[in-house]
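These notes concern the structure reproduced below.
The values are calculated or read from the model by the stated rules, or taken from the named source; none is laboratory data. Worth saying up front: this structure is predicted, and the values here are computed from it rather than measured. Note: ideal-geometry Cβ built from the backbone for every residue, glycine included; neighbour counts use all protein chains shown. Heavy atoms of the whole protein, side chains included, go into the accessibility calculation; ligands, DNA and RNA do not. Shrake-Rupley method; radii C 1.70, N 1.55, O 1.52, S 1.80 Å.
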Amino acid sequence: MDVYPGVTDSDPTKLQERHYYLLSELQTLVKDLPSSFQQRLTYNTLSDLALALIDGTVYEIVQGLLDIQHLTEKNLYNQRQKLHCEHQALKQDLVRKHKEALQSCKSHNLALLKSTQQTEVE
């Protein structure tokens, strides 16, 4: 896998340079952490993390997870939009039915009809 230009599995010098670079970057990041966290991140831990980052597999996994997240969010958004449209249609249908009922209602039943409709709306 040739994720980084000039860094290949057959070039140990480049791999070593990449490892030292990543290790120094990680050490720089750790310096900004509170001392309680710095103590937990030993040189060996940081070195192992740098080695895990060298071949780019972690980046591919993260990119794959990001793609999955985007697809999931898009799907959920579409479901929400569909439900919202269905809800709006049901609401409009209810308003239409209420108007029709009000027009055909006798005046002595008007108060009862309005309270029933208010309950339906709620």
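This table checks each residue for (1) at pLDDT below 95; (2) out of contact with any Lys or Arg (no Cβ under 8 Å at 6 or more places or on another chain); (3) closer than 30 Å to Val121 by Cα.
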| residue | (1), (2), (3) |
| --- | --- |
| Lys31 | yes, yes, no |
| Pro34 | yes, yes, no |
| Phe37 | yes, yes, no |
| Arg40 | yes, yes, no |
| Ala50 | yes, yes, no |
| Leu53 | yes, yes, no |
| Gly56 | yes, yes, no |
| Leu66 | no, yes, no |
| Asn75 | no, yes, yes |
Quiz item: Going by the structure shown, is Thr57 in contact (Cβ under 8 Å) with a residue 24 or more places away in the chain, of a type in the set (Val, Ile, Thr) and open to solvent by less than 80 Å² (accessible area, probe 1.4 Å)?
Solution: yes
Quiz item: For region 15-44, how many residues meet the condition of being open to solvent by less than 60 Å² (accessible area, probe 1.4 Å) and among the β-branched types (Val, Ile, Thr)?
Solution: 1
